[in-house]
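This report concerns only the one structure given below.
All of the numbers you see were taken from the coordinates with simple rules; none came from a lab. These figures come from a predicted structure and were not determined experimentally. Here the Cβ is made from the backbone with ideal geometry for all residues, glycine too, and neighbour counts use every protein chain on show.
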Amino acid sequence: MTNQPSSQFEPAPIPDGRIVMNGNIYMKDAKGGLIPVDLVKAQDQLQDETVRKIAGYALALSAQMARFKAHVFDDISAFEAILEQEYGATIGGVKGNKTLLSYDGLFKVQVSVADKFDFGPELQVAKGLLDECMNEWSAEAPAELRAIITNAFNTDKEGQINRAEIFKLLRLEILDERWQRAMKAIRDAMRVVGTATYVRCYQRPMQDAKWQYITIDLAKA
């Protein structure tokens with residue numbers, strides 16, 4: 001399982017950033033100005049080449065990932081079409097979640113469909129109730145609880161509420177009547193705005209071993 005396949009991965013072709021005019025070579029700077037290449041520091045030229053090389057591989061990888069995703073769903077759809085034709089049934093649950101195993105049980109492909117949530121105006125009602133609780137409990141409120149509430153309602157750069165922290169609040173068991181009303185307001189605020197489909201592939205060296213995720217996420221590679 002440790003052997004890695006050889007790669008023939010080629011970067012996407014991108015311009016080298018050099019412009020030839022009247023027999024002279026220029027590089028365009030970030031402001032759009034043409035700078036004779038002889039006047040561009042060697043360090044800046046090397047940085048330019050490095051960035052372009054990485055970007056070329058990134059563009060090729062992005063295109064390859066798009067093709068991979070399309071092939072995955074095409075292959076699964078073709079398999080399900082055969083099942084439908086032969087047996088009048090398909091695999092997976094009502095929401096579209098499904099798991100496929102190789103015959104020897106060493107490889108697994110999972111398709112999971114998750115709801116995408118947004119929050120309506122009831123969320124502001126919940127925030128007001130939680131602020132009341134925090135103000136009254138003041139010194140008695142654990143610092144961890146204050147941090148969860150603060151993080152839950154802080155918005156990120158795109159103005160999005162921190163959903164993970166919101167769901168942490170819902171898992172807390174606090175009997176205060178205002179807290180309970182706040183949790184109801186959060187649940188009422190939740191809106192399903194779509195779905196996201198995820199494909200995860202796994203492998204293992206033997207049938208009784210733990211599954212190992214086949215990393216596709218660049219951040220976890």
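HN-Hα J couplings of region 145-153 from phi, Karplus 6.51/-1.76/1.60, θ = phi - 60°, integer Hz, Gly and Pro as x?
So the Karplus estimates, Gly and Pro as x, are 5, 4, 5, 4, 5, 4, 5, 5, 9 Hz.
Starting from 0.36 nm per residue, how many nanometres of slack lie between E49 and Y103 once their C-alpha separation is accounted for?
Values: separation 54, 0.36 × 54 = 19.44 nm, distance 4.70 nm.
Extra length available between E49 and Y103 comes to 14.7 nm.
With a point put 7 Å past each Cα toward its Cβ, work out how far K28 is from W211 in nm, to one decimal.
Computed distance between label sites K28 and W211 equals 4.8 nm.
Nothing charged except the Cβ atoms of Lys and Arg (+1) and of Asp and Glu (-1): what's the magnitude of the dipole of region 92-221 about its Cα centre? Round to the nearest 20 debye.
Details: 19 positive and 18 negative charges, 145 e Å.
Using Cβ point charges on Lys, Arg, Asp and Glu, region 92-221 gives about 700 debye.
Give me the distance in nm between label points sitting 7 Å out from Cα along the Cα-to-Cβ direction at K168 and L59, one decimal.
Each label point is offset 7 Å from its Cα along the Cβ direction, giving 4.1 nm.
Scan the chain and hand back the longest stretch that contains none of the GluC sites (Glu not before Pro) lying in DSSP loops with at most 10 other Cβ atoms within 10 Å. Don't skip to the answer; put the middle values down first.
Details: sites that count: E158, E173.
By the stated rule (loop sites, at most 10 other Cβ atoms within 10 Å), 1-157.
Could you check which residue among V109, V192, V37 shows the biggest mean-square fluctuation in a GNM of the chain with a 10 Å Cα cutoff?
Comparing V109, V192, V37 in a Gaussian network model of the chain, the most mobile one is V37.
With a point put 7 Å past each Cα toward its Cβ, work out how far F9 is from Q110 in nm, to one decimal.
It is 2.4 nm.
With point charges of +1 on the Cβ of Lys and Arg and -1 on the Cβ of Asp and Glu, referenced to the Cα centre of region 32-96, which listed residue (A66, I76, Q47) lies farthest in the positive direction of the dipole?
Farthest towards the positive pole: Q47.
Determine the alpha carbon to alpha carbon distance for each of K69/K98; K31/K69; K69/K116; K28/K53; K31/K53 and list only those over 26 Å. Don't skip to the end; give the middle numbers.
Working: K69/K98 16 Å; K31/K69 38 Å; K69/K116 19 Å; K28/K53 17 Å; K31/K53 22 Å.
Over 26 Å apart, Cα to Cα: K31/K69.
How far, in nm, would the chain grow between R200 and E84 when pulled straight, counting 0.36 nm per residue and subtracting the alpha carbon separation?
Details: separation 116, 0.36 × 116 = 41.76 nm, distance 2.35 nm.
In short, 39.4 nm is gained.
Please list the non-local residues whose amide H lies under 5 Å from the amide H of F117, H modeled 1.01 Å from N, same-chain partners needing a gap of 5 or more.
V193
Picking from G88, V125, L34, whose Cα lies most toward the positive end of the charge dipole for the chain (charges on Cβ: Lys, Arg +1; Asp, Glu -1)?
The Cα lying farthest towards the positive end belongs to L34.
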